[in-house]
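One structure below.
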Amino acid sequence: MSVDSVGGVAPPIEEEAALVKRAKAGDTSVWSDWHDQCYPLLYRYAYSRLNKHEDAEDVASQVFLEAIKAIGRYRYSGRPILAWFYGIARHLVSRRRREAGKTAPIADVEQLSIHPAPHDEDVILSNILVRTAMERLKPEHRELLTLRFLLDLSAREVAALLGKKEAAIYSLQVRALGALRREIPDDSWHFL
């Protein structure tokens with residue numbers, strides 16, 4: 001599996017099916033590789049939704065604990081294993097947010113960015129504008145924009161994670177960006 005900290009491509013189905021079989025047999029090297037390759041993406045996803053480093057670390061780690069417990073029931077369907085991990089992460093994040101009894105603000109875009117922007121007033125203001133606008137989006141739009149632009153996954157990778165066709169991801173992306181644009185005041189676009 002070749003997923004790195006900025007996204008990547010899942011291995012061929014036969015290869016990943018063999019890895020799942022080895023993981024079910026208790027091969028710790030498979031789990032170690034999956035952890036090394038997927039943890040950064042799972043952490044960044046959790047942080048984007050929880051906005052707390054400690055909570056994001058807990059969720060990203062908990063994903064692997066839950067996966068190890070459930071691997072015996074897992075049936076490989078040809079979707080990347082990261083899709084399964086991501087589904088577990090979504091559930092854990094939702095539960096944590098529900099238990100907190102509030103909606104955590106979306107994370108600082110700059111902290112999630114692969115290439116952090118310089119610190120100046122315009123960048124800070126644009127981060128605040130985008131973060132605030134993202135909180136007002138429908139969950140489906142917020143999720144897609146987080147995966148595509150904060151986690152820097154390709155449309156193909158997002159499609160695999162969400163179990164949708166790539167064309168559907170492009171359509172959803174257009175709608176999500178349109179909704180985001182409507183949430184940002186017209187007089188603020190010069191900051192972005």
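The values are calculated or read from the model by the stated rules, or taken from the named source; none is laboratory data. Predicted, not measured: the structure shown is a model, and the values here were computed from it. Please note: Cβ atoms are built from the backbone with ideal geometry, for glycine as well, and neighbour counts cover all protein chains shown.
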Residue ID - nearest to residue 167 (Cα to Cα), chosen from residues in region 120-155 that are in a loop (DSSP other than H, G, I, E, B) and at pLDDT 85 or above: 154
Residue count, region 49-65 (criterion: more than 30 Å from residue 133 (Cα to Cα) and surrounded by fewer than 16 Cβ atoms within 10 Å (Cβ to Cβ)): 1
Single condition residue 15 does not satisfy, out of (1) crowded, with 16+ Cβ neighbours inside 10 Å; (2) at pLDDT below 95: (1)
Close pairs from region 69-84: first assigned by TED's automatic domain parsing to the domain that holds residue 22, partner surrounded by fewer than 18 Cβ atoms within 10 Å (Cβ to Cβ) and modelled with pLDDT under 90, Cβ under 6 Å, at least 6 apart: 78/13
Residue ID - farthest from the chain's Cα centre (by Cα), chosen from residues in region 67-97 that are basic (Lys, Arg) and either farther than 27 Å from residue 154 by Cβ or outside any loop (DSSP other than H, G, I, E, B) (or both): 73
